[in-house]
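**Q** After the structure tokens below, expect a handful of questions from me.
The values are calculated or read from the model by the stated rules, or taken from the named source; none is laboratory data. All figures in this text were calculated on a predicted structure; none of them were measured in a lab. As a convention, Cβ positions derive from the backbone with ideal geometry for all residues, glycine included, and neighbour counts pool all protein chains shown.
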Amino acid sequence: MRKLVYYVAVSLDGYIAGPGGEYDFYPADDKMGASINAEYPEFVPTEFRPHIGMALDTPNKHFDTVLMGRGSYEPGLFAGFPSPYAHLRQYVVSSTLGRIDEPAVELVDADPLGLVRRLKKEEGQDIWLCGGGNLAAQLLGEIDEMIIKSYPVVAGGGVSVFAGEFRPTLFAPARRQEFGNGAQVTWFTRA
């Protein structure tokens with residue numbers, strides 16, 4: 001069965017973005033970017049691939065589907081990229097977006113749990129949960145693995161990594177890698 005994997009950057013105080021959706025406060029590290037891009041080429045938006053020396057047709061290694069909430073989708077849309085991950089099946093979960101004028105992106109306006117359960121039963125590679133915190137909280141019971149990029153910065157407020165009800169859920173660290181910018185990437189599996 002396919003797995004749902006939440007891959008996200010997070011501050012020391014548990015925020016994935018600032019109050020206005022900012023994420024440029026995370027300290028960059030070229031080695032970290034190169035390492036993640038080599039292992040997970042799927043995470044690189046299609047339009048950015050040539051800018052980092054990646055071919056547009058670089059094969060997917062782990063994922064063939066991406067789920068995004070409105071807050072994760074709109075920055076690319078506003079920048080002129082209505083199909084940010086054209087190399088993946090793309091779903092945007094939002095009850096407020098209204099419509100998407102891009103045939104390669106499917107808007108899901110209700111029942112994200114039903115969507116994930118249906119996708120997990122299909123043949124294919126794993127499903128990447130791109131964000132955001134509200135959607136992650138709704139799907140917590142279906143998240144099989146997490147890849148968390150923890151940055152040594154305090155945001156002070158913003159979008160929580162899980163913006164939902166109190167629901168303690170245990171995950172076990174499977175692997176960890178540290179980088180020169182002080183960030184750590186930790187792979188977790190559901191305990």
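**Q** Could you give me the residue pairs with C-beta distances under 6 Å whose first residue belongs to the range 162-185 and is touching a residue at least 12 places away in the same chain (Cβ under 8 Å) and surrounded by 12 or more Cβ atoms within 10 Å (Cβ to Cβ), whose second residue is assigned to a loop (DSSP other than H, G, I, E, B) and of a type in the set (A, V, I, L, M, F, W, C) wherever it lies, and which are 6+ apart or on separate chains?
**A** Correct list of pairs: PHE171/ALA191.
**Q** Specify the residue that is nearest to GLU42 (Cα to Cα); the eligible residues are those in the range 97-116 that are of a type in the set (Val, Ile, Thr) and either outside any loop (DSSP other than H, G, I, E, B) or in contact with a Gly (Cβ under 9 Å, 6 or more places away or on another chain) (or both).
**A** Selected residue: VAL105.
**Q** When you look at MET146, is it in contact with a helix residue (DSSP H, G or I) (Cβ under 8 Å, 6 or more places away or on another chain) and surrounded by 14 or more Cβ atoms within 10 Å (Cβ to Cβ), yes or no?
**A** When the stated conditions are applied, MET146 does not pass them.
**Q** Still on this structure, please answer the following. Considering every residue within the range 54-66, establish whether at least one is in a helix (DSSP H, G or I), under 17 Å from the mean Cα position of the chain (by Cα) and surrounded by 13 or more Cβ atoms within 10 Å (Cβ to Cβ).
**A** The answer is no, given that none of the residues of the range 54-66 is in a helix (DSSP H, G or I), under 17 Å from the mean Cα position of the chain (by Cα) and surrounded by 13 or more Cβ atoms within 10 Å (Cβ to Cβ).
**Q** Taking ALA86 and the conditions (1) modelled with pLDDT of 95 or more; (2) in contact with a strand residue (DSSP E or B) (Cβ under 8 Å, 6 or more places away or on another chain); (3) among the hydrophobic types (A, V, I, L, M, F, W, C), which numbered condition does it fall short on, given that it satisfies the others?
**A** Looking at each condition in turn, ALA86 falls short on (2).
**Q** Output the number of the condition that TYR26 fails; it satisfies all remaining conditions of (1) in a loop (DSSP other than H, G, I, E, B); (2) of a type outside the set (A, V, I, L, M, F, W, C); (3) within 13 Å of the chain's Cα centre (by Cα).
**A** Condition not satisfied by TYR26: (3).
**Q** Any idea which residue in the range 83-96 is nearest to TYR73 (Cα to Cα), counting only those that are part of a loop (DSSP other than H, G, I, E, B) and touching a Phe, Trp or Tyr at 6+ places or on another chain (Cβ under 8 Å)?
**A** Only one residue fits best here, namely PRO84.
**Q** Do we find that ILE36 is assigned to a strand (DSSP E or B) and either surrounded by 15 or more Cβ atoms within 10 Å (Cβ to Cβ) or at pLDDT below 95 (or both) in this structure?
**A** no
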